[in-house]
Every structure is written in structure tokens, then in C-alpha cells.
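J.: Here's a structure for you.
Since every read-out is calculated from the coordinates, none of them should be taken as a lab result. Here the structure is a predicted model, which means the values were calculated and not measured. Note: ideal-geometry Cβ built from the backbone for every residue, glycine included; neighbour counts use all protein chains shown.
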Amino acid sequence: MPPAVPNVSSDLNTPAELIATPDIVALDLEATSGEDAIRALHQRLRAATPDVKDAGRFLEDLLARAAISSVCIAEDIALPHARTMAVERIVLAVARTAVPVAFDAEHPGVRLIFLIGTPKDAVAEYLRMVAALSRLLKSPGTRAALLAAPTEAQFRAVLARAVKR
Amino acid sequence: MKAVTDPAKLLLARMLRLLRWRVWIQERLQPTEWQVTLLWAGFVGWLGALSSLMFSALAEGVHHVLSGSSAGVVESMRQLPWWAVLALPAVGGGLAGLVLLLGKHLTRGQSSTDYMEAILIGSGNVPVRASLVKSAAALFSIGSGGSIGREGPMVQLAAVMASLIGRWRQFTPPQLRLLVACGASAGIASAYNAPIAGSFFVAEIILGTIAMETLGPLAVSAVVAALTVRVMTSEQHLYKVPEFTLHSPLEMPAYILLGLIVGTLAPWFLRSLRRAENLFIATRLPLIARLMLGGLIVGALAIKIPEVAGNGYSVVVNILNGHVLWSTLLVIVVCKWLATASSFGSGAPGGVFTPSLFMGASVGFVFGTAVNAIWPGAAADPRAFALVGMGAFLSAVSHAPVMAVIMLFEMTLSYDIILPLMIASVVAYYTAKGIEGRSLYSDALRKKAAETPGATDFAIGRVAELMKPKPPTLPRQAHFAEIARLFLAMRVNNLYVTDAEDRFLGAVSLHDIKPYLGEPELAELVIASDILREDFPVVGPDATLSDALGRFLNFEGERLPVVDSGGKLLGSLSKGDLLLALVEARKKPGAA
């Protein structure tokens, strides 16, 4: 279990800043399915930030969204997300799974998960966040570096570097 | 880099590229609903001019066939033997009656709504068959030399074109009425080669407002119509007149006196037309016989005074150029008055706009000559009085002094006459209004309103009457590709999202997705519910227009969804329609 990292992003305003310093980074997350992974990461996130006001509602919204349509943007990357009343600001939890996790039939080997919660009225911010993540993760170098980072600090450093680029 | 070969992804990328172009063009051109309305107004103006030119050509053709002469109506009457002069308008009247009678079978179930009623008290629907039948009948009454104007059917035809276009494009009632008004404006502009007067004719007489919301499209339509006529014919201005000047300020009292005289005569002219109509109805003759009788009276008068035939245009040109003696003119005026009353009274389809111009020119010229004889300094040129008389008479019969002044200026392009024209037109208007509250056009509308109980209740007061039903919608699980496709297909800035029961969930805004149109990865992830704006303002179907306006005050968009109390999406309300309806409501107190 990686050490708990203090919440550093409660006063962050832009999606780029939040990606550089996520609310939580969980390396080697244990999960057997996409839903399992979402539940586990949600659990970590709610413990890490007080800005998840209604954890139950947030989880429901995340799972409901994932049930409507795939949340994967590549064969090994998933972006479970929800616009929800349960959070007060955009929250971001990042995980790397210990073993590939099947999110759906078309994405059986997800390794990187970026879980996003956005307040209901923050449509533009939500789009900025997912667009920034999509752009960042399009780079094979960044993906490889994230998969290879041995510690949470190095994982965060990869994210911060990628955002700066 | 790996090339994308998946056809679905290629299609999506292509669609997003197109949507980016649409947004790029839209942001640079910013075509609001008002600007789109202007484009339609221009198109309607062009169609109106074509229909007017076609009607003129057909009327001349009918005249040629009936009289065997290709000269003007008055000239033909001079050339024909007396019995032919007597018979020609009667035969034309009979044919017009026959067309109307046969047309009754074709138009069964259609009202006889004319363009003014359609704009003012109707839904903007001008019935096509009824209008065509009336216009065809008018070809015979005009072509045979009836003392009636051709501008009525020309305007009606232009309005029909506009109404057809509006219905085809599924315009809402206020938009449709505005488009029909544009058609009418084009009709007048092309009939008289007077685009400003065309716009003001409709604005002042029919709409009763010169608000920019309506005047703008009217002007565009009129300008396009006048340009079309100028390109397709050699007409530059309708009445070629010599230069007129105000010789001395001493002439002004005489012009004011002319305004008083014309203002007094005009209501009597209108009353005489109504009286003649009642007399013809009292004969209880069938329509064809009535029209033949009207034509026979015109023919009988034309044997001695051929100038009574037709709309009076050629006589007006002669008066303005000083080619008619005042003593002769006095006889012509009396006979022409009788002839117009006979044609109009017998029910001959056509207008009395040009005959009114004739009356004004004649009265003005006779008056100017009389003043000149007594005190030459007070009326140096009687022809100038004829010109001012035309404007003043038109102002008095139509109750539209602004239009009258502009029309006279446009028809003659003589600026020097403006000062006396303005004062005489205003004096004539107030004098006429003091004698008779009704104008040439209010009569027809009042009659129609009385025939159609509840017609004036049409005034829009609730959002439900103004909304456009069946707006394009998306399900909440719609993918970015579907959203992009719908944005491309529909010229809207917001797409409404509904559930399976048509309940309104929110809207997806083009503004939100605009920065991300170049990112296909995002397009695969995002669905409608991800970018749905649940707080999108809505308006209820029973909301009043002022409530709806309040909603628009804090909303930058052009359309609001109309949602009932159960949350069901019923339609959408356009800000343009709302403003138009409010402009109309100002005209009809208590409607909004």
C-alpha cells in the first residue's frame, strides 16, 4: 500500500494543475473488473479529500455513467467520470493497476485509470479536464513512463512533466 | 504515425472538421435569426418583382387580345370605334366575373383572405388558389380598360409568393406575417419603382409601426424588388417630370390650402366608392352582370372621354408635363371619378391606389391654375400643384402621410417639391382624418374582421401560440458523433436532450464543445449526458410574452425550450419571434 499523500489540490483551479497534482495516486491497485477498480479508487479518493461531499452518490453516478457507455480512451486507459452534485470541485484520482483489468469487452487490459468527479455546473471545466488528459495520454512516451514509474513521487513527476510539455 | 483506416473514425473526423468549419464561419459571419430573415426577405423581394412583371406583361397581353391594339389603354380607346369602346370594358367585366365564378369551384373551402388580412389579423397564410383566381379576374378588368389600378393584384401575388416560401420553411406565425409583409412591400416597390415607399406602405398602413425589427426586412425586400425591376426593364422612375422649384415662400399658403381641399375631397371620394358598391349590390344582379354593368358605364364615359379608361397613369403624366387644359381636366376628373366608382363599385378586382394619384394630380392642377389666374405669385407653376396634390390625396385616402411623401419623391425624383409636399400631405391627412376616421384600407380590414368573428383574437398572447414544435433532440447517451451530426444538420447553437418520454433533461451547447472539435479521442469518450447543461433556462407554454422576454434577458441564446409542467419538451421559442410578436402586440392594445 503506498503511503497516503496529503491533499494538495483543493485550491487548484485549472485542469492542468490538477493533473500535475492529482488528489490521489494509487500505484498497483488491486481490482478484478472495471467496476471493482472504480469502487477501489473511489474509496481511496473519498478518504483523501473532504471535497467529496456525498461519497455514496458519487459512486452511484460514476457507475451509472460507466454503464451507459465505455469510459476508455485507449486499450489500456480508462477515464471513469461523472458530473455530480456529490463533489464541490473537480476531483481527480489516478491509479495504475497491478494487473490488466477488463473494463469492457473492447478494453480487456486497462492499466491506467483516471477517475474524475466534476460539479454539475462545470461543463467547460469537465471538457477541459478530459481533453487535457486525452492529449497527454496520446503520447506513447508518457504512457510508458507512467507504467514504468517505480514510486508515487516519480509517477507524479511524470504527470507534472507531461503537463508542462 | 499510424494512419486511421476505420471508416467510422474517418467519418467522425470528417464530420468534426465540417463542424469546425461551420463554427468558424458562424463566428465570423454571426448569422443571427434576424440576418437569416433578411436573406429570406431579399429572396421574397426578387420573387415579388418577378410576379409583378409577369402580371404587368399578362395584363398588357390581355389588353392586346381584347382590343387588338398594343398601345396604352387610353390610346386604344381613342383608336377604337365607339361601339368597341362601349363594349370593351363590359366584355372585360363579364370575363372577370366568369373567372371569379369558375374560380369559386376551385377555391371552395378557401377564404378570400387578402395580404393585408393575412398580415394583420390572420396567421400569415395567403390562400394560393383564391389569390390566383382573383388576380386572373383582375387581368380582364384591367386589360379591358376598367378604371382600376393594377397594384392591388400585383401586391397580392407577391404576398402569395412570400406566404408560400414561409410555409415551406415552416415559419412561425409572426415570421410568416413579416414575410408576407415583405412580399407586399416588394409588390408596391416593383409596381411603382419605389422601394422606400414600398417599405413604408406596409410599415405605416398595415403594420402600423416603423420598428427596425420589421422595417429592416421590408426595406431589403423592397430594394431587391426595385433592383430586379430596374435590371429587367428600362424603368428608372415612374413619372418623368420637369424640374419643379418652390418659386417663393408666398406659395406655401396656397399649398396649405390645397392640403385642406384635398383632405376634404378624399373622404368624399372614398365614401362615393362605398356608396357605388352599395348601389351595385342593391341591383341584386348576378356578379357577372354587375361587372358587365360597371364596365358598360366606363365604356360609355370613355366614348367621349377616353382618359377615364385604365388606371389614369398616362393622364397623370400628361398633367405633370402640362399637356392638359384645366377646363378639359375638370370634365375628365368628374368622369374619371364616376368611372372609378363604377369599376370599384361593381366589384372589379384591382386597386384604387393609382386612380387616387390621378384624382390628386387633377385636383392639384385645377387648383394651381385657378390660384395662378388670380395671383400668379402664389402659384407660379400649376404642374407643381398637381404633383403636391397627388401626394396630399394619397396621404388623405391612405392615412399614411410619410409613405405618401416618400412615394411621390421616389416616383418623380424631384427633391425641390419636398417642402410643399410635406406640409400639404400632413394638412390633407389631418383634414381627412377629422372628417372620416376610416382610410382606404381600414375599410377592407374592418369588413373582413366583421365577417370572421374572432379573427382579431388571433393576437398572440401566450408562448404556446408562438413556439415552433418538434425541435431536434438527442438522447442522453448520444455519442459525440451523433451530436456533431445533428449540429451540422440543424442551424442551432443548442441541442435539447430528452428521455424516452420526451421529458426535457437539458441542452448540449455548441459553444461548450467548440474548442474540442479537433480531438477525435475525446469524441469517442464524451456522450450527451457528460456535457448536458441541466440548468438550461426553459419557458412554459402558458407563460405570457413578457414573462418569456424576462427569461431571455438573462440568456444569451436565440431560442428557449418550451417545457410543460410535467417536464415534457413541447417546442422552442425564438427570441426573434417573441420580439416580432411584442411589436405586433404594441399595435393591438390588450393583446399581450
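J.: Give me the inter-chain shielding for B:521-533: mean count of other chain Cβ atoms within 10 Å, whole number please. Please list the in-between numbers first.
T.: On the way: counts 10, 9, 1, 6, 12, 7, 5, 2, 6, 12, 6, 3, 3.
The shielding value for this peptide is 6.
J.: Straight distance only, please: which aspartates and glutamates reach the Cα of B:LYS240 with their own Cα at less than 17 Å, same-chain residues fewer than 8 apart left out?
T.: Excluding near neighbours in sequence, the set is B:ASP381, B:GLU410, B:ASP416.
J.: Taking amide hydrogens as modeled 1.01 Å from N in the peptide plane, which residues meet the under 5 Å criterion relative to A:LEU29, leaving out close sequence neighbours?
T.: It is A:ARG96, A:THR97, A:ALA98, by chain and number.
J.: Something else now. With both partners inside the protein assembly as shown, how many of the DSSP beta bridges are antiparallel, as a percent to the nearest 5?
T.: Working: 28 of 43 bridges.
Around 65 percent of the beta bridges assigned by DSSP in the protein assembly as shown are antiparallel ones.
J.: Could you tell me the largest-minus-smallest coordinate of the C-alpha atoms of the stretch B:463-587 on each of the three principal axes, in descending order and whole angstroms?
T.: Projected onto its principal axes, the Cα set of the stretch B:463-587 covers 54, 28, 23 Å.
J.: Something else about it: About its Cα centre, how strong a charge dipole does chain B have in debye, to the nearest 20, once Lys and Arg get +1 and Asp and Glu get -1 at the Cβ? Show your work: numbers first, answer last.
T.: Details: 47 positive and 41 negative charges, 240 e Å.
The calculated dipole for chain B is roughly 1160 debye.
J.: Taking a point 7 angstrom from the Cα of A:LEU63 along the C-beta vector, which residues in the stretch A:12-34 have backbone N less than 19 Å away?
T.: Flagged as within label range: A:30-34.
J.: How many times 2.2 N^0.38 Å is the alpha carbon radius of gyration of the protein assembly as shown?
T.: In units of the globular-protein estimate, the protein assembly as shown measures up at 1.34.
J.: What number does the stretch B:251-451 give for Rg over Rh if you use C-alpha atoms and the Kirkwood radius?
T.: Values: Rg = 16.8 Å, Rh = 17.0 Å.
Reported Rg/Rh (Cα atoms, Kirkwood Rh): 0.99.
J.: Order of B:MET411, B:MET212 from fewest to most other C-beta atoms within 10 Å?
T.: Working: B:MET411 23, B:MET212 11.
The most exposed by this proxy come first: B:MET212, B:MET411.
J.: What 222 nm value per residue comes from the helices of chain B, counting each DSSP H run with n ≥ 4 as -39,500 (n - 2.57) and dividing by all residues, nearest 500 deg cm²/dmol? Let's see the in-between values first.
T.: Values: 25 runs with 382 residues, N = 592.
That calculation yields -21000 deg cm²/dmol at 222 nm.
J.: Same structure, new question: Between B:ARG503 and B:MET232, what is 0.36 nm times their sequence separation minus the Cα-Cα distance? Round to one decimal in nm. Before the final figure, lay out each step's value.
T.: On the way: separation 271, 0.36 × 271 = 97.56 nm, distance 5.37 nm.
Full extension from B:ARG503 to B:MET232 adds 92.2 nm.
J.: Once the principal axes of the Cα atoms of the stretch A:15-164 are found, what is the range along each, listed largest first in whole angstroms?
T.: Here the spans come out as 35, 33, 25 Å, largest first.
J.: With charges only on Cβ, +1 for K and R and -1 for D and E, what is the dipole size of the stretch B:463-587 about its Cα centre, in debye, rounded to 20?
T.: Numbers: 14 positive and 19 negative charges, 101 e Å.
That gives the stretch B:463-587 a dipole magnitude of about 480 debye.
J.: Charges on Cβ only, +1 for Lys and Arg, -1 for Asp and Glu, centred on the Cα centroid of the protein assembly as shown; of B:GLY149, A:LEU79, B:LEU569, which one is farthest towards the dipole's positive end?
T.: B:GLY149
J.: Quantify how strongly other chains surround peptide A:126-136 by giving the mean number of their Cβ atoms within 10 Å of each of its Cβ atoms.
T.: Details: counts 4, 10, 2, 0, 8, 8, 1, 3, 9, 3, 0.
The per-residue average across the peptide is 4.
J.: Spin-label point model (7 Å from Cα, Cβ direction): what's the B:THR32 to B:ALA71 distance in nm?
T.: Using points 7 Å along Cα→Cβ, the separation is 5.7 nm.
J.: Is the shape of the stretch B:288-384 best called rounded, prolate or oblate, per the rule: a/c under 1.5 gives rounded, else a/b larger than b/c gives prolate, else oblate, with a ≥ b ≥ c the square roots of the Cα gyration tensor eigenvalues?
T.: On the way: a/c = 2.95, a/b = 2.43, b/c = 1.21.
Prolate.
J.: Hey, another quick one. Have a look at the DSSP beta bridges in chain B and tell me what percent are antiparallel, nearest 5. Numbers along the way, then the final one.
T.: Working: 17 of 21 bridges.
Roughly 80 percent of the DSSP beta bridges within chain B come out antiparallel.
J.: Of the DSSP beta bridges with both residues in the stretch A:15-164, give the percent that are antiparallel, rounding to the nearest 5.
T.: Numbers: 11 of 22 bridges.
Antiparallel: roughly 50 percent of the beta bridges in the stretch A:15-164.
J.: So, one more: Using a cut-off of 12 Å between beta-carbons, work out the net charge of the residues near B:LEU525 (Lys and Arg +1, Asp and Glu -1, B:LEU525 not included).
T.: Values: positive: A:ARG65; negative: B:GLU519, B:GLU521, B:GLU524, B:ASP530.
Counting the neighbours of B:LEU525, the net charge comes to -3.
J.: What is the gain in length, in nm to one decimal, between A:ALA105 and A:SER139 on full extension, counting 0.36 nm per residue of separation less the C-alpha to C-alpha distance? Could the numbers behind the result be given before it?
T.: Values: separation 34, 0.36 × 34 = 12.24 nm, distance 2.40 nm.
Net length gain for the segment: 9.8 nm.
J.: Which is farthest toward the positive dipole end of the protein assembly as shown among B:THR328, B:PRO537, B:GLY61, measuring Cα position about the Cα centre, with Cβ charges +1 (Lys, Arg) and -1 (Asp, Glu)?
T.: About the Cα centre, the residue reaching furthest to the positive side is B:THR328.
J.: Sorted from fewest to most neighbouring beta carbons within 10 Å, what does the list B:PHE55, B:PHE171 look like?
T.: B:PHE171, B:PHE55
J.: Say the cut-off is 32 Å between C-alpha atoms; which of B:LYS104/B:LYS468; A:LYS138/B:LYS575; B:LYS304/B:LYS433; A:LYS120/B:LYS9; B:LYS104/B:LYS433 go over it?
T.: Numbers: B:LYS104/B:LYS468 34 Å; A:LYS138/B:LYS575 43 Å; B:LYS304/B:LYS433 35 Å; A:LYS120/B:LYS9 30 Å; B:LYS104/B:LYS433 37 Å.
The pairs that break the limit, which is 32 Å between Cα atoms, are B:LYS104/B:LYS468; A:LYS138/B:LYS575; B:LYS304/B:LYS433; B:LYS104/B:LYS433.
J.: Another question about this same structure. How do B:MET359, B:MET15 line up, fewest other C-beta atoms within 10 Å first? Walk me through the numbers on the way to the answer.
T.: Values: B:MET359 27, B:MET15 21.
Result, fewest neighbours first: B:MET15, B:MET359.
J.: Return the inverse of the average 1/r over all pairs of distinct C-alpha atoms in the stretch B:142-190, which is the Kirkwood hydrodynamic radius, in Å to one decimal.
T.: Working: mean 1/r = 0.0886 Å⁻¹.
It is 11.3 Å.
J.: Still on this structure, please answer the following. From the residues B:THR233, B:VAL497, B:MET422, which one has its Cα farthest along the dipole of the protein assembly as shown in the positive direction, the dipole being from +1 and -1 charges on Cβ of Lys/Arg and Asp/Glu about the Cα centre?
T.: Of the candidates, B:THR233 comes out farthest on the positive side.
J.: Treating the beta-carbon of each Lys and Arg as +1 and of each Asp and Glu as -1, no other charges, what is the dipole magnitude of the stretch A:93-165 about its Cα centre, to the nearest 20 debye? It would help to have the intermediate numbers written out before the result.
T.: Working: 11 positive and 5 negative charges, 83 e Å.
Using only the charged Cβ atoms, the result is roughly 400 debye.
J.: Can you check what the net charge comes to around B:LEU569, using other residues whose Cβ is under 14 Å from the Cβ of B:LEU569 (Lys, Arg +1; Asp, Glu -1)? Let's see the in-between values first.
T.: Values: positive: B:LYS468, B:LYS470, B:ARG476, B:ARG503, B:ARG559, B:LYS568; negative: B:ASP499, B:GLU501, B:ASP502, B:GLU534, B:ASP564.
Net charge in that neighbourhood comes out at +1.
J.: Please list B:461-468, B:133-140 highest first by mean number of surrounding beta-carbon atoms within 10 Å per residue. Numbers along the way, then the final one.
T.: Details: B:461-468: 19.4, B:133-140: 25.0.
Output ranking for B:461-468, B:133-140: B:133-140, B:461-468.
J.: Here is a further query. Whole-Hz ³J(HN,Hα) for each residue in the stretch B:517-534, computed from phi via Karplus 6.51 cos²θ - 1.76 cosθ + 1.60 with θ = phi - 60°, x for glycine and proline: what do you get?
T.: For the stretch B:517-534, the Karplus-derived couplings read 5, x, 10, x, 4, 5, 4, 7, 8, 7, 10, 4, 5, 5, 10, 6, 9, 6 Hz, x marking Gly and Pro.
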